[in-house]
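Reviewing the structure listed below.
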Amino acid sequence: MKTGKPATSAAGPKAIYHAMEKAFQSMKVSKTFRILGALNQKGGVDCPGCAWPDPKHRSRLGEYCENGVKAIAEEAMDKNADADFFKNNSIQKMRQQTDYWLGHQGRLTQPMRIKKGDSHYSPVSWELVFEEVSSQLNKLNSKNDAIFYTSGRTSNEAAFLYQLFVRIFGTNNMPDCSNMCHESSGVALSHTLGIGKGSVKLEDFYLSDLILIFGQNPGTNHPRMLSALKKAKENGAKIVVINPLKEAGLLSFEDPQSISGILGIGAPLADLYLQVRINEDVALVQAVAKKLMDRAKKDPAILDHDFIQSKTDGFETYQQSLEELDEESLILRTGLEPEQIEEFVNLVSSRSKIIACWAMGLTQHVNAVDNIQEIVNLLLLKGSIGKPGAGTCPVRGHSNVQGDRTMGIWEKPSKQFLDSLASTFGFEPPRNHGVDVVDSIQLMHSEPGKVFMSMGGNLLSAAPDTSFTQVALENCAMTIHVSTKLNRSHLHHGEVGFILPCLGRTDIIQEKSGVQKLTVENSMGLVHSTQGNQTPRSGFLLSEPHIISQIASKTVGNEIVNWNQLIDDYDQIRELIAKSVAGFEDFNKKIKDHNVLELPNGPREGHFPNDIGKARFTINSLSENQLEENELLMMTIRSHDQFNTTIYGMDDRYRGIYGIRTVVLMNQSDIKNLKLEVEKPITLFNEYQGKLRKVEGLTIIPYNIPEKCIATYFPECNELVPIGIKARKSNTPASKSIKIKVHQP
Ligand SMILES: Nc1nc2c(c(=O)[nH]1)N[C@H]1C(S)=C(S)[C@@H](COP(=O)(O)OP(=O)(O)OC[C@H]3O[C@@H](n4cnc5c(=O)[nH]c(N)nc54)[C@H](O)[C@@H]3O)O[C@H]1N2
Ligand SMILES: Nc1nc2c(c(=O)[nH]1)N[C@H]1C(S)=C(S)[C@@H](COP(=O)(O)OP(=O)(O)OC[C@H]3O[C@@H](n4cnc5c(=O)[nH]c(N)nc54)[C@H](O)[C@@H]3O)O[C@H]1N2
Ligand SMILES: [Mo]
């Protein structure tokens, strides 16, 4: 373990070096360049690293970032975890290993099965898989005893077939990673603006006057966003960052596409950096709005009264509620200086083309929906929605998480969506809502005998309350994981456990009619194709749509959908999507002719398709994290060397932390007040509803973080996130604001 000074600039020559080092360690040089040459190019491989959109004009130098290269290396690595690997490694032995080790054993190459009591997974044929899975599903007392999870890398085609199969089977139990991610954004935006997606496009960044970045670390998680921010600044925009940590990527960007960037000279980004206390964003935005309203009494032009009058609802009530708030106590909560807030207000007052971006720093709190609604209020005051250079920008994580939802991966499908399935396919889909992630885990925990199927992802490590979730999975009659890589969820299986290896983004998909492409939707509602260029490493690998269609055909038969024929040519799947999902008319033609399909987005055009047809002002709740004397508030965040539960390496370079992940970033004054010795390990613990949760052996890193706030890494500290603490309305685990106590043995 080593620590150093946190970086003050992101990307540049070091990023190129680290990306290539990881790529060449994992794959042959020729393979590396073959994939990278196609990465994010039109008709090429869509990067599985994040959902940030591609610019209209793609750079020939390479349209990808350090972490995109790492994501590719992780998927396309030469190494294989084949049948021999499973023969040599018992499940007990694998459980002792780290997540880093599990991921570095290579790509899965053959279907494997294990039964309770077996020491090892053993290879099985696909015929046996389809037979056993379908007979187990058909044996269940109730269709709702089956749960079908999805992670956000799944393509539109696979997602559409999966949800169609599940609904013909007879349940809406379709939890997905979104439930732990941007669900709060979807809930807040649907209620206020009528659609659960953001309103801006990439081009809006170049036209904006002011960009607010709340609770997001793009230098690590969406590095290509930095290019858009740099261009926005060149065009005159100001940037305000609201984040407890000084993240390098928000301070300055060494653009690898420019000579200065390659020389390591950074372009400054944030004009104002507000190190807010964890979960005090509502207080901050309310303080800003209150001040704006005061100023507007003298200078009405500060607010967009025409917009407020014609396009919104609830302004008077909102105004009234702001008046009742005490400004001083709001500011006190934020931990910021009044002058900093004044500066923020100055920037907002004089500008009207404002974009608000956010990610997990806002969505994973008990009042997460409030966080986002409060930001919408601010944008509405300024008329900053539905015009160029302005709007909402929830920055999505997984590369097709937004598309999966559009395709119907949702435990709460709308009536309109189900009606459309009913009329296109001539069957009656289940109408009752299904279970989301938290409810699924609780259900599997309390009622043994369920079937859990996972299309990608790693529920055990991604979910809160790790040991609780482990019991939930082990309680199942059958667990089925369609995966590219080995992960911890595979090691805690049901009575019968399957690992079904599939083709990834970088692989060629060959079906009867020839090579197939897939499609994905980016964070800004643009759908485009993706096509791998690597010959599959094993004859056993099938595509996700192929696996789904075989399970479906065996389980529900071919009367409603001819599954076997459908997968001969994926254009046919897209024809069905075009018929049944709004906005996908002429899907195949648009993708062929223009390589992109833009989905309808009301707020982008200034229409608000919610129940009242107007944008809603809302009244929102502050956080309720009253801390005891010796309590701290913990956020679980990503290091620079991971993709969610996939650990690329042990460093967090921008934060100056090397060779260790079991750390606690802590303010010096808390270290002193709690009388902790930095050299000695600590235990973090909490008690919620009578259950003690703890993680031992953690290392303190003194860090520039607001007092009473600490940061740890996900998934190592998920054990400390109680499954019952979740966002109101969105049910998202509150993994960014968990009360914690410290013990030093
Ligand atoms: N390389 C890489 N790329 C990824 C991922 C990855 O793991 N690795 N994951 C993908 C996925 S699925 C997602 S959802 C995104 C995640 O992208 P991010 O949301 O950027 O990821 P986190 O590390 O969770 O970072 C949250 C940020 O919010 C801040 N924060 C925490 N609590 C608060 C708060 O209360 N208020 C405010 N204002 N800020 C707060 C933290 O300091 C941190 O900077 O990235 C996607 N892209
Ligand atoms: N404490 C805490 N918990 C969190 C978060 C947090 O910030 N803090 N973040 C949450 C968020 S934002 C998210 S999105 C979730 C992520 O939850 P998940 O999406 O469930 O987790 P991932 O780690 O992205 O899944 C990794 C696995 O996906 C499989 N995989 C990769 N590519 C493919 C593919 O192309 N096809 C298939 N079939 N499988 C593939 C591999 O086997 C790999 O092991 O975690 C959540 N959990
Ligand atoms: Mo996510």
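Amide H to amide H, with H built 1.01 Å from N, V663 comes under 5 Å of T699, Y713, counting only residues 5 or more places away or on other chains.
Shown in residue order for segment 191-203 are the 3J(HN,Hα) couplings computed by the Karplus curve 6.51 cos²θ - 1.76 cosθ + 1.60 at θ = phi - 60°: 5, 8, 10, x, 8, x, 10, x, 9, 8, 10, 4, 4 Hz (x for Gly and Pro).
Structure shown: which of K14/K485; K246/K708; K387/K412 lie over 26 Å apart, alpha-carbon to alpha-carbon? Don't skip to the end; give the middle numbers.
Working: K14/K485 28 Å; K246/K708 16 Å; K387/K412 31 Å.
The pairs that break the limit, which is 26 Å between Cα atoms, are K14/K485; K387/K412.
Cross-link pairs exceeding 31 Å in C-alpha to C-alpha distance, out of K231/K415; K87/K512; K290/K726, comprise K231/K415; K87/K512. Restricting the trypsin sites (Lys or Arg not before Pro) of segment 11-97 to loop positions (DSSP other than H, G, I, E, B) with no more than 12 neighbouring Cβ atoms within 10 Å leaves K28, K56, R60.
Local charge sum around K56 (other residues, Cβ-Cβ under 15 Å, Lys/Arg +1, Asp/Glu -1)? Before the final figure, lay out each step's value.
On the way: positive: K42, R58, R60, K201, R224, K231; negative: D54, E63, E203, D204, E598.
Residues near K56 contribute +1 overall.
Counting other Cβ atoms within 10 Å as a rough exposure proxy, the listed residues R604, R653, R431 run R431, R653, R604 from fewest neighbours to most.
Grab the other residues whose beta carbon is less than 14 angstrom from that of K290, score K and R as +1, D and E as -1, and report the net. Mind showing how you got there, number by number?
Values: positive: K291, R295, K297, R333; negative: D294, E323, E324, D326, E327, E328, E342, E374.
It works out to a net charge of -4.
Extension gain for V29 to K675 (0.36 nm times residue separation, less C-alpha to C-alpha distance): 227.4 nm. Close amide H partners of K726, meaning residues 5 or more places away or on another chain with modelled amide H under 5 Å apart, are A734.
List the pairs from K5/K736; K238/K298; K694/K741 whose alpha-carbon separation is above 20 Å, in the order I gave them. In this structure, K5/K736; K238/K298 exceed 20 Å between Cα atoms. A simple charge model with +1 on the Cβ of Lys and Arg, -1 on the Cβ of Asp and Glu and nothing else charged puts the dipole of the chain at about 1300 debye relative to its Cα centre. With R₀ set to 30 Å, the beta-carbon distance separating D84 from Y17 gives a calculated FRET efficiency near 0.30.
Near A578: Cβ cut-off under 13 Å, other residues only, Lys/Arg at +1 and Asp/Glu at -1. The net charge is 0.
Can you compute the charge dipole magnitude of segment 177-287 about its Cα centre, using +1 on each Lys and Arg Cβ and -1 on each Asp and Glu Cβ, nothing else charged? Give it in debye, rounded to the nearest 20. If you can, show how the numbers build up before the last one.
Working: 9 positive and 11 negative charges, 15 e Å.
Taking the Cα centre of segment 177-287 as origin, the dipole is about 80 debye.
Please work out whether segment 632-743 counts as rounded, prolate or oblate from its C-alpha gyration tensor, where a ≥ b ≥ c are the square roots of the eigenvalues and a/c under 1.5 means rounded, while otherwise a/b larger than b/c means prolate and anything else oblate? All intermediate terms of the calculation are to be shown ahead of the outcome.
Details: a/c = 1.70, a/b = 1.14, b/c = 1.49.
In terms of gyration-tensor shape, oblate.
The modelled label-to-label distance for the pair E559/E323, using points 7 Å beyond Cα in the direction of Cβ, is 6.5 nm. Among S142, N173, Q163, which residue has its Cα positioned farthest towards the positive end of the charge dipole of segment 133-214, with +1 placed on the Cβ of Lys and Arg, -1 on the Cβ of Asp and Glu, and the dipole taken about the Cα centre? Selected residue: S142.
Residue-wise HN-Hα couplings along segment 337-349, as the Karplus relation 6.51 cos²θ - 1.76 cosθ + 1.60 with θ = phi - 60° gives them from phi, are 7, x, 5, 5, 5, 4, 5, 4, 5, 4, 5, 6, 4 Hz; Gly and Pro carry x. Toward the positive end of the charge dipole of the chain, with +1 on the Cβ of Lys and Arg and -1 on the Cβ of Asp and Glu, the farthest Cα among I385, P722, T712 is that of T712.
At a Cβ-Cβ separation cutoff of 4.7 angstrom, cysteine residues of the chain with no neighbouring cysteine are C47, C50, C65, C177, C181, C476, C502, C709, C717.
From least to most packed, judged by other beta carbons within 10 angstrom and beginning with the fewest, K517, K726 follow the order K517, K726.
Between the amide H of A267 and those of F253, E254, D255, distances stay under 5 Å, these residues lying 5 or more places away or on another chain, with hydrogens modeled in the peptide plane.
For segment 403-418, putting each phi into the Karplus relation 6.51 cos²θ - 1.76 cosθ + 1.60 with θ = phi - 60° gives couplings of x, 4, 5, 4, 7, x, 6, 6, 7, 10, x, 6, 4, 4, 5, 5 Hz, in residue order, rounded to whole numbers and with x for Gly and Pro.
Go ahead and estimate [θ] at 222 nm for the chain from helices alone: -39,500 (n - 2.57) per DSSP H run with n ≥ 4, summed, over the residue count, rounded to 500. Display every interim value, and only then the final one.
Working: 32 runs with 277 residues, N = 745.
Dividing the helical sum by the residues of the chain leaves -10500 deg cm²/dmol.
In plain terms, the residue of S184, S467 with the fewest other Cβ atoms within 10 Å comes first and the most crowded comes last, giving S467, S184. Shape analysis of the chain places it in the rounded category; the axes a ≥ b ≥ c from the Cα gyration tensor give an a/c below 1.5. Multiplying the residue separation of E631 and H120 by 0.36 nm and subtracting their alpha-carbon distance yields 179.6 nm. Under a cut-off of 15 Å between alpha-carbon atoms, report the aspartates and glutamates in cross-link reach of K590, not counting same-chain residues fewer than 8 places apart. The qualifying aspartates and glutamates are E521, D571, E575, E598.
Every number in this text was worked out from the coordinates using simple rules, so none of it is lab data. Small disclaimer: the values here were computed from a predicted structure and weren't measured. Cβ atoms come from the backbone with ideal geometry, glycine included; neighbour counts cover every protein chain shown.
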